[in-house]
């Protein structure tokens, strides 16, 4: 069966300072309904406005990733959304009583630990994915930036950074799968070059910085009085430089911690696609701007694929999501009226299934003896059965429910279906299921040819005992 969406089991609260604003904030991660995604809510503003954490809403990436609309803005969200994605959360409401996420220790560690302390719960809807089907590229030749996505069954990132730095040099970080995030990526802290500190302070940035929520990189020899002066600006004890070129107020978790933190940022920024990703990502010299621009490209393609009437991909060499025996455990129909043979894919809003049409079908005896054609009403029934599997998968015990037609509308038959054809059905919810009622747009393809389409409305009803 397809994996289901998840949310946090109960609210959990953290407090801290915003890195750039220095404002004390309280943030609470709350459970959210299926298919709502991740949203931020500014509880300190009138009306407590919400904003969806998607790439379309990114408004600034100069020193972090900020999202905003006319009514609401939230700064420096990348470590929070990375933690949510890394912990497998699809739906969450993040309430914050200030303009910025707390910086904590400069990583996602405390957010991950907070989520782990209460756990996550499976929800009724199938998880949504954007699957990379072909090579996708974002590049900025002037700055040597490149991000490439390749098809892959999982989600992995290979990342390389080069700051022309004596200390950092060339660094490489890898996340083979998302299960590695919590232990290998989440604890990795942000970093800053020593020569940037005073400039950032003068521009009213890093007001919440305290030398302990970032790794400070020392590129060139700095006199001790200068180190003392900067420490005094942050009201912190005096520090010295370690041989490896960082301040002695902290130790590195990993030799390549800066590169791993860049990977952490990328996980957070790519989560703004709005759904989980299946693909292999290779990134060179990337940052928040490039990450979010690439997320916009992926999100645009995802939304385009939801709308376009192109035939779903079908590879008969790949095992189906549901075979006929699994389908029989979900649908009450039986031959000769079971008209779906495989479910190829399914997520929270759409399903793809197929029907193999053979001359053995009983209806070809009379429809028509000299020119066999599959009746249009049976094409609709087959489509409805595929859609029924999507609807039934929203309840924990689908075998105890049945779906019934309420309405069939806008049906168009485009081409004959004959023995030997394989019909691929794709159904997509037009709106969330409410009170057990599903409104779906369906399309049927033979090869790349659209043969039938329509809008179906059905209701899921629990069977009598």
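For the reader, a short list of remarks on this structure follows.
- Cα-based shape type of segment 1-63, given that a ≥ b ≥ c are square roots of the gyration tensor eigenvalues and the cut on a/c is 1.5: prolate
- Of interest is the spacing of the C-alpha centroids, which for segment 322-341 and segment 63-137 amounts to 39 Å.
- Ellipsoid fit via the Cα gyration tensor, segment 1-141: semi-axes of 23, 20, 15 Å, each the root of five times an eigenvalue, largest first.
- Each peptide in 384-396, 365-377 was scored by the mean count of other Cβ atoms within 10 Å over its residues; highest first, the order is 384-396, 365-377.
- Tilt relative to the chain, helix 288-307 - C-alpha long axis, 0 to 90 degrees, to 10: 10 degrees
- For segment 41-108: rounded, prolate or oblate by the Cα gyration tensor [a/c cutoff 1.5]: rounded
- For segment 290-398, the square roots of the Cα gyration tensor eigenvalues, ordered a ≥ b ≥ c, give a/c of at least 1.5 with a/b greater than b/c, which places it in the prolate category.
Every number in this text was worked out from the coordinates using simple rules, so none of it is lab data. As the structure is a computational prediction, the values presented were derived from the model and not from experiment. FYI the Cβ positions are ideal-geometry reconstructions off the backbone, even for glycines, and counts take in every protein chain you see.
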